[in-house]
Amino acid sequence: MTPLPPNLRETWLPVALSRHLRARPIARMAAGVPIVLFRGRDGIGALRDRCPHRNHPLSRGRVRDGALQCPYHGWRFSAGGACVETPGIALDPARAGALGAEPVGVVERHGAIFVRVAGDDGGFALPPLLGDPDNDHFWWAQGRWRGRALDAIENVLDPFHTNFIHDGFIRRAERRMPVTMRVDARAHDIAVTIEQDRPDYGLMSRALESGGRTGSVTHYYPPATIQARWQGAERLTLCVTAFFTPEAPDRFRPFACFTTPKGLAPAWLKQAAIRAFLAPVVRQDRIALERQLATIERFGGPRFVQGPGDFLGPRVARLWAGETIAPAQEGPFAVEL
Ligand code: FES
Ligand SMILES: [Fe+2]
């Protein structure tokens, strides 16, 4: 399996929702690095999940007096990783600096916890609309998926699978609609716009898009974030910001934040409706990505051809690996979805 590109270690990646981190520390993987998260006296802590003393996993410990305690010999570490106690023997403050655990960058924002395993604490940025106070938001954490994060990203950018894998839910295999597609590539990101004058023929559009549809834009913010916006006749209907946090080359954790304009319906009702309609769609993608990974593994690696509808071609893989691409505006392409 191709290793994860090194740029992912310098990327801010969500690893947990705020509501899931309570008194107990939790173990996570981000870009191949084991992490422990905990709430300490001096804020949220994210450390490499390895006690510096004898390398016991810190995630097996617990928070005591505001610091994470390793269960092996009881050393305690602050949220910043400093060793604050070595039970049974006095800790010489002059030596404490050399006994610390390894912190990683951590930011808690809009209900999610993001880490960056290499580099400093700077450069944290989120796509537009996420957390915007004029809209309602809710997060949906999907647990751990078997698959390649890059394939999941391509799946979200690619509308052609929706007629097949999601037949009846998003679009339909046997009843297509003419739409136009455009691609806007910039050096560091890429977007696909679909223009249409009606909602899709699938069940989900019928139920959630009573106000019609004029188009949708799916924007890839490399390496691990996608934001899709559906535009109604008058305003935004729905915006989904999806993060695909790679744990290892063959598994990842998707996190999605759903943004809807305030006022259409109560936030709880929108959340319930979106979850009900999307649950089967998410399951369909999850199975497809698992099967795709299994096939890639059986043949010893991926081998893809670019079809006529693969407008983004190899550019997604290049952006994923931290490369730049040539700016271009392409289309409109006439397709049937
Ligand atoms: S291994 Fe953690 S305190 Fe000794
Ligand atoms: Fe899908």
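No value in this document is a laboratory result; all are computed from the given coordinates. Just so we're clear, the structure is a prediction, and the values are computed from it rather than from any experiment. Note that we place each Cβ from the backbone using ideal geometry, even for glycine, and neighbour counts take in every protein chain shown.
On full extension, the segment bounded by ALA82 and ALA272 gains 64.1 nm, given 0.36 nm per residue less the C-alpha separation. Peptides 259-271, 231-243, ordered by how many other C-beta atoms sit within 10 Å of their residues on average, highest first, read 231-243, 259-271. With the convex hull of its Cα atoms as the shape, the range 6-116 has an orientation-averaged projected area of 6.8 nm². Each label point was placed 7 Å from the Cα along the Cα-to-Cβ direction; for ASP121 and LYS262 their separation is 3.1 nm.
Calculated over the range 206-308, the projected area of the Cα convex hull averaged across directions stands at 8.5 nm². Cα centroids of the range 173-228 and the range 285-337: 17 Å apart.
Once the Cα atoms are used to define both axes, helix 267-298 deviates from the longest principal axis of the chain by about 80 degrees.
Backbone amide hydrogens, once placed in the peptide plane, bring GLY147 within less than 5 Å of ARG251, PHE252, excluding anything fewer than 5 places away on its chain. Cys residues of the chain that find no other Cys beta carbon under 4.7 Å: CYS83, CYS239, CYS257.
Taken along the Cα-to-beta-carbon direction at a fixed 7 Å, the label points for LEU17 and ARG144 span 1.9 nm. Remark: the ALA321-HIS53 segment gains 93.0 nm on full extension, using 0.36 nm per residue and subtracting the alpha carbon distance. Label positions at GLU10 and VAL107, each projected 7 Å from the Cα along the C-beta direction, are separated by 1.6 nm.
Here the chain is assigned +1 on the Cβ of each Lys and Arg and -1 on the Cβ of each Asp and Glu. Its dipole about the Cα centre then comes out at about 1120 debye.
For the peptides 295-306, 159-170, the ranking by packing is 159-170, 295-306, with the highest mean count of neighbouring Cβ atoms within 10 Å listed first. Sorting the segments 72-80, 186-194 by their mean number of nearby beta carbons within 10 angstrom, highest to lowest, gives 72-80, 186-194. For the chain, taking Cα atoms only, Rg and Dmax work out to 22.2, 75 Å respectively. What 222 nm value per residue comes from the helices of the chain, counting each DSSP H run with n ≥ 4 as -39,500 (n - 2.57) and dividing by all residues, nearest 500 deg cm²/dmol? One gets -5000 deg cm²/dmol as the mean residue ellipticity at 222 nm. Whole-Hz Karplus values for the range 43-48 come out as x, 7, x, 9, 10, 4 Hz, taken residue by residue from phi with 6.51 cos²θ - 1.76 cosθ + 1.60 and θ = phi - 60°; glycine and proline positions read x.
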